[in-house]
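Reviewing the structure listed below.
The values are calculated or read from the model by the stated rules, or taken from the named source; none is laboratory data. Because the structure is predicted, anything quoted here is derived from the model rather than measured. We place every Cβ from the backbone using ideal geometry, glycine too, and count neighbours over all the protein chains shown.
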Amino acid sequence: MKRDYLLELEALSEQRQIDLFFGDESRVSLQPCVPYAWQFKDEQVGVPSTQGGGVNCFGLLARDNRCHAHLTEEKVTGAWIANVLDLFSLSLSKLTVVVLDNAPAHKKAVKEWGKLWQERGLFVWFLPPYAPQLNLAETLWKRLKYEWLRPDDYADKDTLHFAVWKALKAVGTALHINFAKPKQANAF
């Protein structure tokens with residue numbers, strides 16, 4: 001049932017009646033994500049790894065690659081997310097829906113600020129539990145960590161922070177994610 005509602009939101013966005021963004025947070029740390037690697041025989045390959053020094057990211061991503069990303073070294077809390085969404089709500093030009101998962105920080109932010117955001121035209125819609133595959137923002141973090149960041153970006157904290165910021169700012173211009181069109185909602 002909730003998936004059908006999401007398809008309805010996708011259809012409204014496709015028709016340009018609303019803006020639809022998918023939001024989520026992720027941490028990028030000095031312990032790089034290396035899913036696999038290959039090397040020549042007798043070649044030493046290494047990626048520097050250090051504890052701490054990571055950056056927390058919260059991003060809002062639309063299917064057309066519009067991206068609003070915010071970074072912090074602090075813990076991502078409901079209050080921090082609420083501040084990000086509040087600033088976002090001040091920049092809207094049409095009715096906008098933000099799709100979030102059921103993380104406690106997301107629920108807390110919406111509980112405290114949801115009515116004010118609705119007055120500004122921002123509505124938050126929660127995904128069904130255990131459905132990360134429905135959140136386009138998950139693809140953003142996967143691309144950032146596994147494709148867009150290079151081993152050299154993990155040299156130190158400042159280099160990593162700059163590389164993450166640079167990559168997220170390039171989404172929609174130099175960096176693109178090609179999303180498949182959503183399946184059409186069932187007719188009633």
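Points worth noting:
- Count of the stretch 81-92 residues which are surrounded by fewer than 18 Cβ atoms within 10 Å (Cβ to Cβ) and free of Cβ contacts under 8 Å to residues at least 60 places away in the same chain: 5
- Reported count of residues in the stretch 161-181, each being closer than 29 Å to Leu134 by Cβ and in a helix (DSSP H, G or I), is 8.
- Restricting the stretch 1-43 to residues that are modelled with pLDDT of 95 or more and among the aromatic types (Phe, Trp, Tyr), the residue that is farthest from Lys142 (Cα to Cα): Phe21
- Tally of residues being part of a strand (DSSP E or B) and under 17 Å from Phe123 (Cα atoms) across the stretch 58-89: 4
- Of residues in the stretch 118-130 being in a loop (DSSP other than H, G, I, E, B) and without any contact (Cβ under 8 Å) to a residue 40 or more places away in the chain, the one farthest from the chain's Cα centre (by Cα): Gly121
- Single unsatisfied condition, Asp101 versus (1) acidic (Asp, Glu); (2) within 23 Å of Phe179 (Cα to Cα); (3) free of Cβ contacts under 8 Å to residues at least 24 places away in the same chain: (3)
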